[in-house]
Amino acid sequence: MSNKNIITKRFALRVSLAALALLIALVSQPSLAIADDQGGIAGIITDANTGAPISGVQVQFSSPSQAATATTDAKGHFVVLSLAPDNYTLTLVKQGYDTKEVSGNSVFADQTQQYDFQLTKSTAASSGSP
């Protein structure tokens, strides 16, 4: 095999490896990934009188394009991701508290909006009535 053939094969191998490395580098760049067209809503729900977080609140999200549900954790936090951009009405439901409905909560693509709420204990719960 001639020296020229060896040099040509080595050059071709180097070019192929360089092209492969460049392809891997481009594919692995998160900035080149397709933008997500979804958004989210997160927040904290607290007691209106004490400011204490309320766990177990069912948070219902509804809009013309979608509906979803979440439940608050022990620290009153909730989060729902993968919501279509739209205006949502949130309904907050917890036994012993007045149900609260809040409209006009906007979701934007590639963003998670923070909406915090307070619930008031229901008068039936505080008076001891069934």
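The values are calculated or read from the model by the stated rules, or taken from the named source; none is laboratory data. Just so you know, these numbers come straight off a predicted model, no measurement behind them. No Cβ is skipped: glycine too gets one built from the backbone with ideal geometry, and neighbour counts run over all protein chains shown.
Side notes on the structure shown:
- With respect to the conditions (1) modelled with pLDDT under 70; (2) in a helix (DSSP H, G or I); (3) not basic (K, R), N5 lacks only one, and its number is (1).
- Hits in segment 95-118 - residues which are among the hydroxyl-bearing types (S, T, Y) and within 21 Å of the chain's Cα centre (by Cα): S103, S106, T112, Y115
- Residues that are of a type in the set (D, E, K, R) and surrounded by fewer than 14 Cβ atoms within 10 Å (Cβ to Cβ), drawn from segment 75-90: K75
- The numbered conditions (1) farther than 19 Å from A109 by Cα; (2) touching a Ser or Thr at 6+ places or on another chain (Cβ under 7 Å) are all true for A42 except (1).
- Note on segment 54-72: among residues that are touching an Asp or Glu at 6+ places or on another chain (Cβ under 8 Å) and of a type outside the set (S, T, Y), the one that is farthest from S106 (Cα to Cα) is I54.
- Odd one out for V93, checked against (1) free of Cβ contacts under 8 Å to residues at least 12 places away in the same chain; (2) buried (at least 16 other Cβ atoms within 10 Å of the Cβ): (1)
- Applying the criterion of being surrounded by fewer than 10 Cβ atoms within 10 Å (Cβ to Cβ) and assigned to a loop (DSSP other than H, G, I, E, B) to the residues of segment 12-36, the residue that is modelled with the highest pLDDT is S28.
- Single residue of segment 97-123 satisfying the filter (exposed (fewer than 12 other Cβ atoms within 10 Å of the Cβ) and small (G, A, S)) that is modelled with the lowest pLDDT: G104
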